[in-house]
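The values are calculated or read from the model by the stated rules, or taken from the named source; none is laboratory data. If you're wondering where the values come from, they're calculated on a predicted model, not measured in any experiment. In this analysis, Cβ positions are derived from the backbone assuming ideal geometry, glycine residues included, and neighbour counts consider all displayed protein chains.
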């Protein structure tokens, strides 16, 4: 993958993050100015806190879900602008995949259509589409984090990053398309409940563990403590991403804090390791 191709991919995702920021900001503004409007009419029996852990849905959950969409879109947009300036001409595969992961966050947090679907502005099929978009972005982001360890070892040339990224996207698409959904259980944050949630939990957990262990293994192999720090920061990033995915009140704030701090620490360590960047 050339630097130009990489920039094109990230630019497209940057535009999507900007669009998500604008749309979610408009939705939040409408909710604040018109609390009795369409967004307050969304009702659901349950909302997910974490996987099978649920609680009763309240009207404020819609506001927090869209707020998370706004925060993640804004963070992805600002982060990419900063990283583009600092790492724009760097061939660092680690930073490319980290930037790719960050730019998947708005797609993982896509909640803008929830109240519109509930109010019958869109058919049920939209709920299924939005749910699959969120899961596809989740798997694509996790596989991007896993790729960091693959390229950090030095055995894989950067030119192969495009092929590796493509394989990860195809695998994510395959999982998402074939993923069973229970359309009889609409939820307050993820719209449609996944029918095989425990299997998905195992897949996500496995990818995260591999992403963390791979960096620790490289540190042991190369006898460099920097990779141990990267492994720790990867653990912080994956923990934060797990907490915010379902957009539930108890976990949103610590999850966002972990995610932001983890990505900042990770990129700072990469810059320190490669002084020529």
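So here's what we get for this one:
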{"quantity": "Some residue of region 134-145 being buried (at least 20 other Cβ atoms within 10 Å of the Cβ), touching a helix residue (DSSP H, G or I) at 6+ places or on another chain (Cβ under 7 Å), at pLDDT below 80 and assigned to a helix (DSSP H, G or I)", "calculated": "no"}
{"quantity": "Checking residue 227 against (1) touching a strand residue (DSSP E or B) at 6+ places or on another chain (Cβ under 6 Å); (2) within 22 Å of residue 268 (Cα to Cα), the condition it does not meet", "calculated": "(1)"}
{"quantity": "Some residue of region 174-185 being surrounded by 22 or more Cβ atoms within 10 Å (Cβ to Cβ) and touching a residue at least 12 places away in the same chain (Cβ under 8 Å)", "calculated": "no"}
{"quantity": "Residues located in region 44-54, provided they are farther than 15 Å from residue 255 by Cβ and in contact with a helix residue (DSSP H, G or I) (Cβ under 9 Å, 6 or more places away or on another chain)", "calculated": "44, 47, 52"}
{"quantity": "Candidate set from region 174-191 (those that are modelled with pLDDT under 85 and within 18 Å of the chain's Cα centre (by Cα)); member that is farthest from residue 129 (Cα to Cα)", "calculated": "189"}
{"quantity": "Close pairs from region 151-167: first more than 18 Å from residue 212 (Cα to Cα), partner at pLDDT below 75, Cβ under 7 Å, at least 6 apart", "calculated": "158/91; 159/1; 161/1; 162/1"}
{"quantity": "Test for residue 105: is it modelled with pLDDT of 75 or more, part of a helix (DSSP H, G or I) and within 28 Å of residue 184 (Cα to Cα)", "calculated": "yes"}
{"quantity": "Region 224-242: number of residues that are modelled with pLDDT under 90 and buried (at least 17 other Cβ atoms within 10 Å of the Cβ)", "calculated": "0"}
{"quantity": "So residue 247, is it farther than 24 Å from residue 93 by Cβ, within 13 Å of the chain's Cα centre (by Cα) and buried (at least 22 other Cβ atoms within 10 Å of the Cβ)", "calculated": "yes"}
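Conditions (1) touching a residue at least 24 places away in the same chain (Cβ under 8 Å); (2) out of contact with any helix residue (DSSP H, G or I) (no Cβ under 6 Å at 6 or more places or on another chain), marked per residue:
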{"position": "171", "(1), (2)": "yes, yes"}
{"position": "188", "(1), (2)": "yes, no"}
{"position": "193", "(1), (2)": "yes, yes"}
{"position": "206", "(1), (2)": "no, yes"}
{"position": "220", "(1), (2)": "no, yes"}
{"position": "228", "(1), (2)": "no, no"}
{"position": "233", "(1), (2)": "yes, no"}
{"position": "237", "(1), (2)": "yes, no"}
